[in-house]
Amino acid sequence: MLERTVIVTGAGSARGIGRETCLRLATAGWTVAALDLDEGGARETAGLAAAVNGADAVGLACDVTSTEQVDAAVSAIERDLPPIAALVNNAGITAPTRFLDIEEDEWDRIFEVNVRGTYLVTRRVLPGLLERSNGRIVNLSSVSAVRGGGVFGGSHYSAAKAAVLGLTRALAREVGPRGITCNALAPGLIATDITGGKLTPERQAEMMADVPVRRAGTVGEVASMVVYLCSDDAGYVTGATLDINGGSHIH
């Protein structure tokens, strides 16, 4: 079970989806490579994953918007760990800025991390998956992409995460015949630090009133769906967007 590696980007935050995903994938028998801007956080995640299954997990610093850093990180993983069999594009940023207040540099930064980052890491990892005719790609989008915002992130975040959905579907068609699946998750409000302390108690209460289950989701609820999409059981699921939003968007 430990002869396959999964890369998880944005895996350094102690309360993040990425770290919990790494731990659950480790429990499912994967060797874990955790990437994050925060090298210390990535290494900590890798250490926790290694403690779960005894595999040689690694945690590496990586800016997913940098071609050079992505290449260096993936090259190190290819050198030191079992063959890469799955990629989880989890790295992302958000901001609650209203449309007319979004400056060009903020617009570009949201797209750089959420869209370019997904593109660069996938482009670097995909040739190996194609060579082995087997693989799983899971992209983290957002409920904001499918309902048109109205959660926390602004219109630039909704647009960027919608681009991730388009990429997911197009890539699923392209690589499906080669034994690779590509799917997306669209989480609603999840209890993590991505909002950066900008979510006031009043705004949080307002958002919870719009969620039928009346609470935020947990990182474990998202991570468990990632584990499924990376599993052998999900071999007939591709091009799909799995909602995990407590019913805040039903379609």
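So the values come out like this:
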| read-out | value |
| --- | --- |
| Proportion of all alpha-carbon pairs of the chain beyond 27 Å (%) | 30 percent |
| Whole-number percent relative contact order across segment 1-125, with pairs defined as alpha carbons under 8 Å at least 6 apart | 27 percent |
| Per DSSP, loop trypsin sites (Lys or Arg not before Pro) in segment 1-65 with at most 15 further Cβ within 10 Å | 15 |
| Relative contact order, percent, segment 5-244 [alpha-carbon distance under 8 Å, six or more residues apart] | 20 percent |
| Simple Cβ-charge dipole of the chain, Lys/Arg +1 and Asp/Glu -1, about Cα centre, in debye nearest 20 | 700 debye |
| Taking N as its residue count, the alpha carbon Rg of segment 154-251 over 2.2 N^0.38 Å | 1.22 |
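Every number in this text was worked out from the coordinates using simple rules, so none of it is lab data. Just so it is clear, the structure is predicted and the values come from calculations on it, not from any experiment. Note that we place each Cβ from the backbone using ideal geometry, even for glycine, and neighbour counts take in every protein chain shown.
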